Amino acid sequence: MKLLAAAIQMPSEPGNISENLERADTHLQSANADGVSLAVLPEMFNTGYGLLPDYGPLAEEVDGPTISHLVARSRDWGMAIAAGFVERDGHHLYDSLALCLPNGRVHVYRKRNLVFWERFRFRPGGDSVVANTPFGRIGFAICADMIYRRVWDGYRDRIDLAIISAAWPDFACRESGRKHWLFGHVGPLSGAIPGKVAVDLGVPVIFANQVGQTKTTIPYLGTWITEKITDRFAGKSCLCDGRHSGPILAGTDESVLLSEITIHPPRGPRSWRSTSPSGFVASSSASAHSGLVSPRIGSIAEPIAGAS
C-alpha cells in the first residue's frame, strides 16, 4: 500500500494553546489539500515544550478540546492525524501522542523515557502501543524514546509503520551556533535516528520535530547545579520509506514535509490485543529488555538526558 504522508515541522509558543492549534490547523489544511492520508505533528504541539512551572492548567483528557478538534478534522477530511499533547488522567499528567482516525477512534501512547525536568512534571508511560489501522499496524515513540533499543525491539515484527513525535533540541547557542561542550553532538541525531530505525525494522518511519527558539536546562548529575542554553529545536523532521529509498529530510525552518511511503502487509498471521491507558487502542505490550539502540541500528547514542 502506498500513501502520501506529511511530517509537520512547526514552532509552538509555550502556554498558548489557541495560537498553536491555529498554526497547526493551517498546516493540516494544506496537507489535506495536497491529498495527504496521514499527518504527524510534533511533541506537545499545542502547549509548547519548555520548563513551565505547571502543565496542569494546559493538560487535557483525551476527549478534551484539542483532540476533539483533531478528531473532527480527521473525520471531515478522511485524513489520520497524530499529535503530541499533555494528557490528564485522574491526578496524573502524561507527555502523550494521540492518533486520530477518520472513523473517530483515538489511539494514545504515553512517553516512557522522560528526561530532565519532564520527570518532575509527568508520569512515565508503561507500555508500547500498537494500533491496528486501515494503514496497517502502527507503533509510536516520543522524542527520547527513540534512542532506546528496548523501544524498537518491542516493536520488531509487530508493526508496519512507526510514528515519532518530538521536541528535540539542537544543544547549541542559537545566537553564536556554538555547540554545547557535552551534548553538542546530540542535536544532529534527531535527523539520523529515524532513518536507521526504518532500515533496521524494515518499515516506514514518520518523524515530526519542533523548530524555533527554546531554552534548554541541563542539570549536572548528583547536584542541584543547572546550566541554561539559549537553544533552538533541531528540526530535521523526516519521512523514511525503509525498504525502498533514503529519508526525505527537512531543514530547520517551519515546513510541511510530504512524501509517498510504502506500507507492506504483515508478514505473518499473528495479532495482538490489549487495552490502552486511554482512548481506543488496538494492542500493546510491555517494554522489552532494557538497553540502548539495537545493534542492528548501531550504537547511535547513549541514553541522553538532554533529548526531550
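Pairing residues of segment 241-260 that are of a type in the set (D, E, K, R) and outside any loop (DSSP other than H, G, I, E, B) with residues that are modelled with pLDDT under 95 and crowded, with 16+ Cβ neighbours inside 10 Å, at Cβ distances under 9 Å and at least 6 apart in sequence or on separate chains, gives Glu260/Leu3; Glu260/Asp241. Please go through segment 180-208 and give me each residue that is in contact with a helix residue (DSSP H, G or I) (Cβ under 8 Å, 6 or more places away or on another chain) and farther than 24 Å from Arg158 by Cα, ordered by number. Across segment 180-208, the qualifying residue is only Leu189. Looking at Ser271, Ser299, just one residue is in contact with a Leu (Cβ under 7 Å, 6 or more places away or on another chain), of a type outside the set (A, V, I, L, M, F, W, C), modelled with pLDDT under 50 and assigned to a loop (DSSP other than H, G, I, E, B), and that residue is Ser299. Among the criteria (1) hydrophobic (A, V, I, L, M, F, W, C); (2) surrounded by 15 or more Cβ atoms within 10 Å (Cβ to Cβ); (3) without any contact (Cβ under 8 Å) to a residue 60 or more places away in the chain, the one Ala33 does not fulfil is (2). Scan segment 120-129 and tell me whether some residue there is crowded, with 23+ Cβ neighbours inside 10 Å and either aliphatic (A, V, I, L, M) or touching a Ser or Thr at 6+ places or on another chain (Cβ under 6 Å) (or both). Yes, segment 120-129 contains at least one residue that is crowded, with 23+ Cβ neighbours inside 10 Å and either aliphatic (A, V, I, L, M) or touching a Ser or Thr at 6+ places or on another chain (Cβ under 6 Å) (or both). Looking across segment 124-179 at every residue that is part of a helix (DSSP H, G or I), out of contact with any helix residue (DSSP H, G or I) (no Cβ under 6 Å at 6 or more places or on another chain) and not hydrophobic (A, V, I, L, M, F, W, C), the one that is farthest from Gly195 (Cα to Cα) is identified as Arg150.
Just a yes or no: is a residue in segment 97-116 part of a helix (DSSP H, G or I) and under 30 Å from Ile218 (Cβ atoms)? Yes: one or more hits.
The values are calculated or read from the model by the stated rules, or taken from the named source; none is laboratory data. Just so it is clear, the structure is predicted and the values come from calculations on it, not from any experiment. Cβ atoms come from the backbone with ideal geometry, glycine included; neighbour counts cover every protein chain shown.
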